[in-house]
Amino acid sequence: MQIKIFIERTNKNLDLEIKDTSKVIDLLKSLKIDHTTVLVSRNNELITEDINLNNNDNIKILSVISGG
Amino acid sequence: MRYQKHELLSFIGKKQKFLEEKTVAIIGLGATGSTSANLLARAGINLILIDRDVIELDNLQRQTIFDELDIGHPKVIIAKEKLSKINSKIKIEAYLLDLNYSNIDILLKANLILDCTDNMETRFLINDFSIFNEIPWIYAAVLGSNAMSMNIVPNKTPCFRCIFKEQESLTENCDSVGVLNTITNLISSIQSTEAIKILTNQDFNKEIFIFNIWNLQMQKLVVKKNLDCKTCFKNNFEYLEGKKYTGILKLCGQNSFQIIGKPLNLKNLHKRLSKSTDAKINKYCIYSDKFTAFSDGRVLIKANSVNKAKSIYSKFITN
């Protein structure tokens, strides 16, 4: 299936072909992104790494920030 | 008269009196904390201020209540002095310490806690304390031109641990990326506004708020409770119980670490150090270009690794 992703850290938009059964964690692993350092959103809702992705999803990968 | 402009607002009005009866604890008096403290003091809210650090030259770019004469002095002491001049009618308690599981009960008097810290370990501790004692808190963080904020109100919202994971270290921090000085003011204004809503028992934001001030991009993301959350579902308060306490902490800014050791006699230590270093002493701490040492045993060290920090600690403090 096809998904669109935006990676905030690198300010990049990507179109990706992924397996039909892919979960958020599979996507992050394929992009070599540590899942503890990011938040992932779909349709303005945060989703956890165990959530299944759907065809034509628009996914944003946002960096966790910590400075004060 | 002092609060007339608040009292004129339809959504505050007589609720201004509620604010004057409340106490907010502010953890961390860096860029976000000092600005939030300034706003809340002017709004008539009593404050508990907690910070472990001293003011340095590179803080002045964004930490708006400090000036050049304050360099080398503890942030919490200077902030209390300045805020007392801004509003002498409020009560301000100031604690020069590192907030950890053994002293966090000083927050029990607070109606609300503002997270203005620079590390996730302290946020997980505040979250444990908040859920255990049912005291709300507001997460706020900045990096580059980005900011995030989220209200955590026990029994009404997901908790911090529902959303955020423990991590070894973030790949980006203020050392590598920097902080634009306008984003800290913006997130402090949002944090303080949400504080006023919560303290006056009004509807508040239940989403996570993300803003990039450079691109003027704002996102509000829906967050859901994690039905497997260690803290708010399983009631595992391991940070509050001290099980996660390490005693050594990477701080945000200038490759800094904090090591907590035995209490120090500052006069004796300074006498010894003055033979080999240019360390200076004031009534709160000893400070040099490599470290700042406090009498309670905390030492802030400039180093680019944990091992280097330990080496400096060993060379200057324990020898």
Check your understanding: In the list B:Thr64, B:Thr32, which residue meets the criterion of being on the phi < 0 side of the Ramachandran plot, hydroxyl-bearing (Ser, Thr, Tyr) and not in a loop (DSSP other than H, G, I, E, B)?
Key -> B:Thr32
Check your understanding: If you check A:Leu14 against the conditions, is it farther than 26 Å from B:Asn185 by Cα, hydrophobic (A, V, I, L, M, F, W, C), away from chain B (no Cβ under 14 Å) and open to solvent by 50 Å² or more (accessible area, probe 1.4 Å)?
Key -> yes
Practice item. State yes or no: is B:Ala140 touching a helix residue (DSSP H, G or I) at 6+ places or on another chain (Cβ under 9 Å) and under 25 Å from B:Lys220 (Cβ atoms)? Key: yes
Exercise for review: State whether one or more residues within region B:32-46 are more than 14 Å from chain A (Cβ to nearest Cβ) and within 25 Å of B:Phe257 (Cα to Cα).
Suggested key: no
Exercise for review: Determine whether B:Gly72 is closer than 19 Å to B:Thr292 by Cα, surrounded by fewer than 22 Cβ atoms within 10 Å (Cβ to Cβ) and in contact with a strand residue (DSSP E or B) (Cβ under 9 Å, 6 or more places away or on another chain).
Suggested key: yes
Exercise for review: Report whether or not B:Ile196 is over 28 Å from B:Lys230 (Cα atoms) and at pLDDT 95 or above.
Suggested key: yes
Point to revise | Complete set of residues in region B:79-137 that are part of a loop (DSSP other than H, G, I, E, B) and without any contact (Cβ under 8 Å) to a residue 12 or more places away in the chain | key: B:Ser88, B:Asn103
Review point. Taking the stated definitions as given, is B:Gly44 open to solvent by less than 20 Å² (accessible area, probe 1.4 Å), assigned to a loop (DSSP other than H, G, I, E, B) and assigned by TED's automatic domain parsing to the domain that holds B:Val142?
Key: yes
**Study point:** Single match in B:Phe257, B:Phe209, B:Phe237, B:Phe204 (criterion: within 14 Å of chain A (Cβ to nearest Cβ) and among the aromatic types (Phe, Trp, Tyr))
**Key:** B:Phe209
Review point. Which number in (1) more than 16 Å from A:Leu39 (Cβ to Cβ); (2) within 14 Å of chain A (Cβ to nearest Cβ) marks the one condition that B:Leu199 misses?
Key: (2)
Revision key, fill the gap. Quick count over region A:1-11, residues being of a type in the set (Val, Ile, Thr) and either open to solvent by 50 Å² or more (accessible area, probe 1.4 Å) or within 9 Å of chain B (Cβ to nearest Cβ) (or both), is 1
Study note, to complete from the structure: (1) within 30 Å of B:Gly30 (Cα to Cα); (2) open to solvent by 60 Å² or more (accessible area, probe 1.4 Å); (3) within 12 Å of the chain's Cα centre (by Cα) all hold for A:Leu62 apart from (2)
Exercise for review: Can you give me the number of residues within region B:282-306 that are buried (at least 20 other Cβ atoms within 10 Å of the Cβ) and of a type in the set (S, T, N, Q)?
Suggested key: 1
Practice item. Determine whether region B:135-143 contains at least one residue that is more than 8 Å from chain A (Cβ to nearest Cβ) and more than 26 Å from B:Ile104 (Cα to Cα). Key: no
Review point. Which of the residues spanning region A:18-68 are within 14 Å of chain B (Cβ to nearest Cβ), among the hydroxyl-bearing types (Ser, Thr, Tyr) and not in a helix (DSSP H, G or I)?
Key: A:Ser41, A:Thr48, A:Ser63, A:Ser66
**Study point:** Residues of region B:107-122 satisfying the condition of being within 14 Å of chain A (Cβ to nearest Cβ) and either within 17 Å of B:Leu96 (Cα to Cα) or surrounded by 24 or more Cβ atoms within 10 Å (Cβ to Cβ) (or both)
**Key:** B:Ile113, B:Leu114, B:Asp115, B:Cys116, B:Thr117, B:Asp118, B:Thr122
Practice item. Give region B:194-220 a look and list any residue that's over 20 Å from the mean Cα position of the chain (by Cα) and either under 30 Å from B:Glu7 (Cβ atoms) or among the acidic types (Asp, Glu) (or both), or say none. Key: B:Lys197, B:Thr200, B:Asn201, B:Gln202, B:Asp203, B:Phe204, B:Asn205, B:Lys206, B:Glu207, B:Met218, B:Lys220
Point to revise | Leading residue by the ranking (farthest from the chain's Cα centre (by Cα)) among those in region B:145-163 that are within 8 Å of chain A (Cβ to nearest Cβ) and of a type outside the set (Val, Ile, Thr) | key: B:Asn146
Review point. Taking region B:53-69 as the region of interest, how many residues are in contact with a Lys or Arg (Cβ under 6 Å, 6 or more places away or on another chain) and among the β-branched types (Val, Ile, Thr)?
Key: 2
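The values are calculated or read from the model by the stated rules, or taken from the named source; none is laboratory data. Since the model is a prediction, treat every value here as computed from it, not as a measurement. As a convention, Cβ positions derive from the backbone with ideal geometry for all residues, glycine included, and neighbour counts pool all protein chains shown. Note: areas computed on protein heavy atoms with side chains; ligands, DNA, RNA excluded. Shrake-Rupley method; radii C 1.70, N 1.55, O 1.52, S 1.80 Å.
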